[in-house]
1. Considering only the stretch 31-64, how many residues are assigned to a helix (DSSP H, G or I) and touching a residue at least 60 places away in the same chain (Cβ under 8 Å)?
2. Out of the residues in the stretch 177-213 meeting the condition of being at pLDDT 90 or above and outside any strand (DSSP E or B), tell me which one is most open to solvent (accessible area, probe 1.4 Å).
3. State whether one or more residues within the stretch 334-351 are touching a Lys or Arg at 6+ places or on another chain (Cβ under 6 Å), modelled with pLDDT of 55 or more and open to solvent by 70 Å² or more (accessible area, probe 1.4 Å).
4. Residue 447: farther than 21 Å from residue 498 by Cβ, open to solvent by 50 Å² or more (accessible area, probe 1.4 Å), touching a strand residue (DSSP E or B) at 6+ places or on another chain (Cβ under 7 Å) and at pLDDT 75 or above, yes or no?
5. Starting from residues that are free of Cβ contacts under 8 Å to residues at least 40 places away in the same chain and under 17 Å from residue 320 (Cβ atoms), keep the ones in the stretch 258-308 and report whichever is surrounded by the most Cβ atoms within 10 Å (Cβ to Cβ).
6. Could you tell me how many of the residues in the stretch 65-90 are in a helix (DSSP H, G or I) and more than 14 Å from residue 11 (Cβ to Cβ)?
7. Assuming residue 234 fulfils every condition listed in (1) part of a strand (DSSP E or B); (2) more than 27 Å from the chain's Cα centre (by Cα) apart from one, which condition is it?
8. Pull out all pairs, ordered by first then second residue, where Cβ-Cβ is under 6 Å, the residues are six or more apart or on different chains, the first lies in the stretch 626-655 and is closer than 20 Å to residue 582 by Cα, and the second is crowded, with 16+ Cβ neighbours inside 10 Å and among the aliphatic types (A, V, I, L, M).
Amino acid sequence: MTPDSVTIDSITRRICTLLVAIKSSYPQWLNDKYSHYEWESEKVLAQFRAKFKSKLSQTKDRDALVMEIMKVLHLFLVPSFFLSPEFAQLLADIRHYIHPMVTHPSMDGGICGNRSGGWGAPHPQIAILLLDAENLQLDVATEQFLTSICSYPIQIKVAFANWRSLGKKDLEFHGRGYELIHVPPGKDSADVKMATVGSSIFVHYPSAKEVFVCSSDGVMTHLCTTLQTHGLSVYLVRKQKKKITVLNTKTGNLINHSTLSTPSIPTPEEFIGQLQAIILQEQKATGNSWIKLERISQLFQQQYHITISKVVGEQLPGKKVRDVLSNYPDKLVINQPTAESGIYITVFNEGKEVKSAPESHIADYSQLSQSIASIAADLETALTLIVRDLTAKFKKTDIPITDVSSQFLKQYGISIKKTMEILELSDNFLELLESYANFRVTTIKGRYHVALVTEGKSAQKPPLENQVADSSQLPNTIKTEADLEQAITIILGNLTAESNQTNISIANVAAKFMKQYGKSITKTMKRLQLSGNFTKLLQSYSNFQLKPIYGVYHVALVTEGKSAQNNPLESQVVDYSQLPNSIETEADLETALTLIVRGLTAKSNETNISISNVDSQFMKRYRKSITETMKRLKLSGNFTKFLQSHANFQVTENHVRMRRL
C-alpha cells in the first residue's frame, strides 16, 4: 500500500519539530555538516520539508517509507542519537502515523514498554527469524533447535537471497513458511538487504520480543546492536564448520548445536580417560597443574560435541558432576578451596607429589571474559563514566544504583556482580560504590542512589582543583592558532576541575568548545587553515598529553616539569583502525599482535606487557583466543614460541616487549 500524503505530511512535520528541538537542546547530535544550519528559520525548514516530502512520496509501500526515513535520519544525526529516549519516542510516533487505526498507547514506558503493552487489541508476543540464505542454510532440525532456545513462538520467518542462483531452494523455504525477499546478484547483497529491512522490523511487528539473526557474515553485528537497543532479545546464529553457534548478544551466553548426528555416550572408564587426556593437554599448554572444571567442561564439549553434564546425567541420573568424579580418586584429584570458588581438578600421578591446590584468593585471569579483560584495569573509571553518562542523559544528579548496574550489563555484556566476583572484590555493589571517593551514595524514597562527587573534595585531590582556569580569559573569538590553543587549554582545565579526572575525553572537549563558540573545532581548524584532525592538533602542542583509554582518546594537561615528549610510552597513541579485520594468515596475526602490544604499552606506560593481557586483548577484538587462531592457521608450537619466532618481539618470563630493530 502506497503511503498517503497525510501520513507523509505528519511524519515530515514531526521530524522538522525534532530537528529544531535538537538544535536548541542537543546540538551535539547533529552531524557537523548540518550543525550550522539555522533550523529555527522557517525558510530552512520549508526547504527541508519540500525535499523530504519529495523523497518520501517516491516510496512504494510502508516498508520502503520506513527505510527512507531511517536513511535520512542517519544522514543528519550522529549514532548516539539512535540510543536516546528521543529516538524511541520518534519511532513510536512514526508507527502511529503509519498505523493510524491502531490505538496509540501511553509513552511512559518508552518503546520497550509499548511492545509488552500491545497496540489496540492485544497481540501475542512473538519471535522473528531473519535468514541470509546465501551465507547460511538452516534445515528443519536446526529450526526446531532454535525454537527450543527462545521464549516465544517463531511466527515470522524471512529469508534473503538471489533465489535464481539457489536452484529450487525458494520452493523449499516457501514450503516451510518463509517470506522470500529476492536480491540482485553481487557480493553482500543479501546481508545488506537483510540489515536494512531488519533494522526497522520492530516498527512493523510491535509484539516481537526476540529476533534470530542468521548469517555467517560479520556485518550483522550492527544490526544486532540496533535491535538490542530497542529492547529485543537478539540471537546471532552462525555456522562454524559442522556446528551452529547461537550467541545471546545481551547475556553473552553461547550455545553450540552440532549438525552431525547425536554423539554416543562414553562408558564411565572412557569418560574418565577423556577427562584425563584433556587435563594433561591443558596442563602442558598453560603450565598450571590445577585446571578449573569450567575450563575442562568447555574443552570437553568442543572436542566431543557433548557436555559433561549430559554424560553424567546419562550414566548416573540425579548425580552431580563432582560426586561422579570423586568416585575415581586414583585417577583424578578434586579441590574446592571455598564454597564460592570454582572446582579445580588435576590428574593423580602415582608416586608423584601433587602440587599445592590453588588458594581461593588466586583469580584465574586467563579465564576472564573479553568484557572483563577490557575493564579489569580500572573498574572505578568504568563506573564513573557510566554514572556521568546517566547523569547527563537524565539530567539528574542522583542515579539509582540499579540503573548503573543495568547500564554496566548493557555496555560490557556481564553483570557487575559477576565482575566483582571475578575480580574478587566485595560481593556488595553498594559497599563497592561507597569505597570509591568519586561517588556519594544516598537513599531516596527507599532506593539507593549514587552521584558523582563534585563539591567538597578538599584535600584529597588538590592537583586537579588547582587546575581551575579563569573562564574570563577565554578569547571572545578564535582568530589565530594561538587563540585556539588558549581556548582548548582553559576548557580542558575547567573540565579537569569539574570532573576531578586527569584524563578528559577529547569528545567532551570538542562539545564544550562548540557550546562556547557555536562552531565545531573541525570547522574552526579549516577556517584557520590548520592541517590534520583534532587529535593530531592536540598531539602537536607540548602542554597536552594524549592517550587512548578503553579505545577512546583522552587528553590531559601536562603538569609543570613534565612533558609528553619526555615520556615516549604515554605519547605513543596507537591507531587500532590498522588492525586486520580478520586473521587469515600468519602475517595478519603478527600485525595484530604488534599493534596490540604497542597499544598496551602506551596505555599502561610499562615496557614489558603480560602475555595473558595480550591474549585477553586479542580475544576482545577477534572473539577467538590466540591458541585457537594458531590452530586454525596450522601454526605449530604455543603462543610464547610464536612470539619468540618473530624478530620484533622480545619475550622474558611470561612478558613481551617490542624489540627495537
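The values are calculated or read from the model by the stated rules, or taken from the named source; none is laboratory data. These figures come from a predicted structure and were not determined experimentally. Cβ sites come from the backbone with ideal geometry, for glycine too, and all protein chains shown count toward neighbours. Heads up: the accessible areas ignore ligands, DNA and RNA and are worked out on the full protein's heavy atoms, side chains in. Shrake-Rupley method; radii C 1.70, N 1.55, O 1.52, S 1.80 Å.
1. Selection size over the stretch 31-64: 4.
2. 177
3. Within the stretch 334-351, one or more residues are touching a Lys or Arg at 6+ places or on another chain (Cβ under 6 Å), modelled with pLDDT of 55 or more and open to solvent by 70 Å² or more (accessible area, probe 1.4 Å).
4. Criteria met by residue 447.
5. Here the residue is 308.
6. The number of residues fulfilling the criteria is 12.
7. Failing condition for residue 234: (2).
8. The qualifying pairs are 629/583; 639/626; 643/651; 643/656.
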